[in-house]
1. Looking only at segment 83-116, which residues are over 20 Å from the mean Cα position of the chain (by Cα), free of Cβ contacts under 8 Å to residues at least 40 places away in the same chain, within 23 Å of residue 139 (Cα to Cα) and outside any helix (DSSP H, G or I)?
2. Among the residues of segment 33-76, how many are more than 28 Å from the chain's Cα centre (by Cα), surrounded by 15 or more Cβ atoms within 10 Å (Cβ to Cβ) and either at pLDDT 80 or above or part of a helix (DSSP H, G or I) (or both)?
3. Among (1) buried (at least 17 other Cβ atoms within 10 Å of the Cβ); (2) at pLDDT 85 or above; (3) assigned to a helix (DSSP H, G or I), which single condition is residue 231 missing?
4. Any idea which residue in segment 265-282 is surrounded by the fewest Cβ atoms within 10 Å (Cβ to Cβ), counting only those that are in contact (Cβ under 8 Å) with a residue 40 or more places away in the chain and within 19 Å of residue 171 (Cα to Cα)?
5. Suppose we filter 186, 209, 215, 173 for residues that are in contact with a strand residue (DSSP E or B) (Cβ under 7 Å, 6 or more places away or on another chain) and either without any contact (Cβ under 8 Å) to a residue 60 or more places away in the chain or not assigned by TED's automatic domain parsing to the domain that holds residue 264 (or both); which single one remains?
């Protein structure tokens, strides 16, 4: 069964001190032995010695946003240090703070304040980069879903552990992961902000890719809001909503809440076909145990 190796990490609060670093100071070299013997201290490092976090979930950085932050850094300095780990002699890898790093380079800083963390593994890098971006609301829904998926599948972390660390519901994690089941065209529209998550949830209820893309085009071409989209979908001949009664839909919704997994239902002739969606073997095991009681 799929089990989490460990709960999600300590979060940013354990890595970043509360005291702001204030104005930037001139660049200064840091010897390797100095870094290795120093734990959780604020230091200044050459900005060119810091490379990006390979597990950064955010793929889009708005230039205007970076420019605004760069101006703020010129005026007030970086008020929160970057978090890095040492990966070689005078070489560092970013854990958290890529937006600040980009803005600092644009602002012309030669050195930045950092917290150097030792003993950071790839899972820590992925977790902390995701947590930072979500806490700052920097990720679009698809980037957030891909970040969840990487934690879940690459590092074997359960949806429950992800939800607990981010202080959100497990169903919110599951619903976000389901965006990755949408057609690429719909995913791109959601990532670009052409449709909202409310639109995406409605589109996800449609049976075929053709119908999903057709409704997407309708939303964009006619600037439909979520309520208007729901009305359009109810009239669609192949939509889940049009095939079952409101009473059945209510039962399905309650079932979904009870088992903490998405439940879908469609009607074929006189038969109802109910589909349970699971992302982990442990979820199937948990349902089996509930039904066996």
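The values are calculated or read from the model by the stated rules, or taken from the named source; none is laboratory data. This is a predicted model, so every value here is computed, not measured. Glycine gets a Cβ as well: all are built from the backbone with ideal geometry, and neighbour counts include every protein chain shown.
1. Correct list: 84 only.
2. 5
3. Failing condition for residue 231: (1).
4. First, the residues of segment 265-282 that are in contact (Cβ under 8 Å) with a residue 40 or more places away in the chain: 266, 277, 279-282.
Applying the additional criterion that residues be within 19 Å of residue 171 (Cα to Cα) yields 277, 279-282.
Numbers: 277: 14, 279: 19, 280: 19, 281: 11, 282: 16.
Residue satisfying both the conditions and the ranking: 281.
5. Values: 186 fails: in contact with a strand residue (DSSP E or B) (Cβ under 7 Å, 6 or more places away or on another chain); 209 fails: in contact with a strand residue (DSSP E or B) (Cβ under 7 Å, 6 or more places away or on another chain); 173 fails: in contact with a strand residue (DSSP E or B) (Cβ under 7 Å, 6 or more places away or on another chain).
Going through 186, 209, 215, 173 in turn, the sole match is 215.
Matching residues to (1) at pLDDT 90 or above; (2) surrounded by fewer than 16 Cβ atoms within 10 Å (Cβ to Cβ):
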| site | (1), (2) |
| --- | --- |
| 108 | no, yes |
| 131 | no, no |
| 147 | no, no |
| 156 | no, yes |
| 179 | yes, no |
| 190 | yes, no |
| 202 | yes, no |
